[in-house]
Amino acid sequence: MGSKGKSAMAPRVVISGLGLTVVAAAAVWLTADRLIARSVDGLRPSLEQQLSTPLGQPIEIGPYRGLGLDGIGIGPIKILPGTKDASTLRVQKLTLGIDPLSSIRHLRLVVVARLKGANVDLSRNQQGQFWVPGPPPKGDFLDRVDLRVRLTEPARIRFE
């Protein structure tokens, strides 16, 4: 085979290699998506209970909505009226992701929460408070995490 045969074969090898890489990446993505879906479904009751305490109000976490480039999607999320105030929060979709560059720069885990379709109804209780939080969560893990909340679209806030 001459040099023409080798040079014609090289692009085919590159294209085949790229094709295999794309197929492998898609398989890894779909596997990760399914594993995360099972984990979120299994952890939902525990998360609802753990988050309700510091929020001071019951929370309902909706189904897993997929793995995206910016993190995992969940929703809708509802924070229901509590015993100490009647304020509520509804979010169509919550996307949780990690900001790796900020995490390295600050030497702590930086989690980014993106809220889509946030609706807040603040209702004053008899003491004039709009939202009465519960006791802060205990644990060293939360002391090493920065949470950054971003609105992907304007929130609707209503005061009663």
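The values are calculated or read from the model by the stated rules, or taken from the named source; none is laboratory data. Here the structure is a predicted model, which is why all the values come from computation and not from measurement. Cβ coordinates were reconstructed from backbone atoms using ideal geometry, including for glycine residues, and neighbour counts include every protein chain displayed. With ligands, DNA and RNA removed, areas are computed over all heavy atoms of the protein, side chains included. Shrake-Rupley method; radii C 1.70, N 1.55, O 1.52, S 1.80 Å.
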**Message:** Could you go through segment 47-60 and let me know if any residue there is out of contact with any Phe, Trp or Tyr (no Cβ under 7 Å at 6 or more places or on another chain), at pLDDT 90 or above and assigned to a strand (DSSP E or B).
**Reply:** yes
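Output the residue which, of all residues in segment 123-160 that are free of Cβ contacts under 8 Å to residues at least 24 places away in the same chain and part of a loop (DSSP other than H, G, I, E, B), is nearest to Thr95 (Cα to Cα).
If we take residues in segment 123-160 being free of Cβ contacts under 8 Å to residues at least 24 places away in the same chain and part of a loop (DSSP other than H, G, I, E, B), then Pro154 is nearest to Thr95 (Cα to Cα).
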**Prompt:** Among the residues of segment 79-121, which ones are in contact with a Gly (Cβ under 8 Å, 6 or more places away or on another chain), charged (D, E, K, R) and assigned to a strand (DSSP E or B)?
**Reply:** Arg90, Lys93, Arg114, Lys116
**Asked** Where residues in segment 68-111 are over 9 Å from the mean Cα position of the chain (by Cα) and at positive phi, which of them is least open to solvent (accessible area, probe 1.4 Å)?
**Response** Gly75
**Asked** When both residues are 6+ apart or on different chains and their Cβ atoms are under 8 Å apart, which pairs have a first residue that lies in segment 43-62 and is farther than 17 Å from Leu89 by Cβ, and a second that is surrounded by 14 or more Cβ atoms within 10 Å (Cβ to Cβ)?
**Response** Arg44/Ile61
